[in-house]
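*Asks:* My structure is below; once you've seen it, I'll send some questions.
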Amino acid sequence: MNRCSQPSWFSLKEWPKNVRDREAYVDPIFTTIAAKYDFMTRVLSFGQERRWKTRVVRLIPKNGSLERILDLASGTGEFPLLLRHAGLEAQIIGLDRNPTMLGVARQKCARQPEINFIQGDLMQIPFKDHSFDVITMGYGLRYVVDIRQTLQEVFRLLRSGGRFVSLEFGVPNNHFYRRICFAYLLLLGSFWGVVLHRKGDTYWHIVESLKAYPGQETVGKWLKDAGFGKVEVREQLGGIITILSGTRP
Ligand SMILES: C[S@@+](CC[C@H](N)C(=O)[O-])C[C@H]1O[C@@H](n2cnc3c(N)ncnc32)[C@H](O)[C@@H]1O
């Protein structure tokens, strides 16, 4: 069995390797779950989700010089909202490929000044070099076919001294604990998949993507390869959740 094997009673799909297949698989999932996404992140994490996101926000330097923040894979706009609630006055742009997720984000942030959302892809981010002081990303890296390319894009977009902070699932090193985590995600995901969408496998993509994810240590190394300094990998809950950060020198 490979490092990320899952309980055999779930027949998981192989995580699509090329861009087209991955888009064709992932986009309809987020279109289906958009309205329930915030609820699901809370139940799957037993309410820990907000705590982890708040930790990400705390890693952002709160000085008056922050002018522009980009939130990648912005989804339903949780990070832009938290950043604003934390008192950051910068202009915030959320980018995501899925129009339905963006629709929820726009509704949630409608009363917030200077939060805008655009549709775009993580592999080719449509902004000029050095456009941002801070870039955040929540659960986005597992979805891109070439994580290194996205990290290079993030590096390109940051000004010197700019910070990147990413919240992502992780792959725990301990084999037994990893199996428990994956089984938990599959069982609870299946339950809520049936209850919310009448489709048990709606949330299996989380484990499917994790089985193909290179893991936090490797992504931390890729951050350094992309040119980032002060790279830190903070594991939560034994490594099933990680906060990766780096600064452009
Ligand atoms: C799990 S959600 C994360 C939402 C939000 N950041 C959060 O932390 O709750 C992942 C998001 O990534 C988006 N996504 C996946 N692949 C993408 C890509 N290649 N380019 C842009 N967005 C992508 C999906 O549409 C989805 O909204």
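*Asks:* Tell me the carbon and sulfur percent of the accessible area for the stretch 2-150, rounded to whole percent, probe radius 1.4 Å.
*Replies:* Details: 3720 of 7300 Å².
It is 51 percent, rounded to a whole number.
*Asks:* Can you pull out the trypsin sites (Lys or Arg not before Pro) in the stretch 184-249 that DSSP calls coil and that have at most 15 other Cβ atoms within 10 Å?
*Replies:* Values: sites: Arg198, Lys199, Lys211, Lys221, Lys224, Lys230, Arg234; in loops: Arg198, Lys199.
Of the trypsin sites (Lys or Arg not before Pro), the ones in loops of the stretch 184-249 whose Cβ has at most 15 other Cβ atoms within 10 Å are Arg198, Lys199.
*Asks:* Between Gln119 and Phe176, what is the FRET efficiency for a Förster distance of 30 Å, r being their Cβ-Cβ separation, to the nearest 0.05? Before the final figure, lay out the partial values.
*Replies:* Numbers: r = 42 Å, r/R0 = 1.39.
It comes to 0.10.
*Asks:* Then there is this: Just the ratio, please: alpha-carbon radius of gyration of the stretch 90-151 over 2.2 N^0.38 Å, N its number of residues. Mind dumping the intermediate values first?
*Replies:* Details: Rg = 12.3 Å, N = 62, 2.2 N^0.38 = 10.6 Å.
Ratio of Cα Rg to 2.2 N^0.38 Å: 1.16.
*Asks:* Another question about this same structure. For the stretch 25-99, evaluate the Debye formula with one uniform point scatterer on each Cα (no solvent term) and list log10 I(q)/I(0) at q = 0.23 Å⁻¹, rounded to two decimals.
*Replies:* So the normalised log intensities are -1.11.
*Asks:* Please identify the DSSP H helices in the chain that span no less than 24 Å along the helix axis (Cα) and have a mean Kyte-Doolittle hydropathy of -0.5 or more.
*Replies:* Working: long enough: 175-197 (31 Å, 1.05).
Flagged H segments are 175-197.
*Asks:* In the stretch 15-44, which residues have a backbone nitrogen under 16 Å from the label point lying 7 Å from Val195's Cα in the Cα-to-Cβ direction?
*Replies:* Counting only backbone N, you get 36-44.
*Asks:* Keeping all protein chains in place and using 1.4 angstrom, which order do Arg84, Arg178, Arg156 fall into by accessible surface area, from largest down?
*Replies:* Working: Arg84 35, Arg178 10, Arg156 60 Å².
So, going from the largest accessible area down, we get Arg156, Arg84, Arg178.
*Asks:* I've got another one for you. Nearest 5 is fine: what % of DSSP beta bridges in the stretch 130-249 come out antiparallel, could you say?
*Replies:* Numbers: 13 of 19 bridges.
Roughly 70 percent of the DSSP beta bridges within the stretch 130-249 come out antiparallel.
*Asks:* Gaussian network model of the chain, Cα springs within a sub-10 Å range: biggest mean-square fluctuation belongs to which of Ile69, Ile125, Ile180?
*Replies:* Answer for the Gaussian network model of the chain: Ile180.
*Asks:* Further, regarding this structure: Compute the accessible area per residue over the stretch 113-161, keeping the other protein chains in place, probe 1.4 Å, unit Å².
*Replies:* On the way: 2090 Å² over 49 residues.
Each residue of the stretch 113-161 exposes 43 Å² on average to a 1.4 Å probe.
*Asks:* Separate question: So, for the stretch 185-225, what is the accessible surface per residue at a probe of 1.4 Å, expressed in square angstrom?
*Replies:* Numbers: 1830 Å² over 41 residues.
In whole numbers, the stretch 185-225 has 45 Å² accessible per residue.
*Asks:* Determine the percent antiparallel among the DSSP beta bridges restricted to the chain, to the nearest 5.
*Replies:* On the way: 14 of 34 bridges.
Rounded to the nearest five, the antiparallel share is 40 percent.
*Asks:* Further question on the same structure: Averaging over all projection directions, find the projected area of the Cα convex hull of the chain and quote it in nm² with one decimal place. Don't skip to the end; give the middle numbers.
*Replies:* Values: hull surface 49.5 nm².
Projected over every direction and averaged, the Cα hull of the chain covers 12.4 nm².
*Asks:* Taking the mean number of other Cβ atoms within 10 Å as a proxy for protection, how do you rank 96-107, 46-57, 14-25 from highest to lowest? It would help to have the intermediate numbers written out before the result.
*Replies:* Values: 96-107: 19.4, 46-57: 15.2, 14-25: 13.2.
Packing order, densest peptide first, comes out as 96-107, 46-57, 14-25.
*Asks:* Something else: Between Lys224 and Thr32, how high is the FRET efficiency from 1/(1 + (r/R0)^6) when r is the Cβ-Cβ distance and R₀ = 51 Å? Nearest 0.05. All intermediate terms of the calculation are to be shown ahead of the outcome.
*Replies:* Values: r = 37 Å, r/R0 = 0.72.
Efficiency for this residue pair is about 0.85.
*Asks:* Any idea how far apart Lys17 and Ala212 come out in nm if each label point goes 7 Å out from Cα toward Cβ?
*Replies:* My value for the distance between the label points is 1.0 nm.
The values are calculated or read from the model by the stated rules, or taken from the named source; none is laboratory data. Note that the coordinates shown come from a computational prediction; the quantities given were computed from them, not determined experimentally. Counting neighbours? That spans all protein chains shown, and the Cβs are built from the backbone with ideal geometry, glycine included. Areas reflect the complete protein model, heavy atoms only, side chains present, ligands, DNA and RNA absent. Shrake-Rupley method; radii C 1.70, N 1.55, O 1.52, S 1.80 Å.
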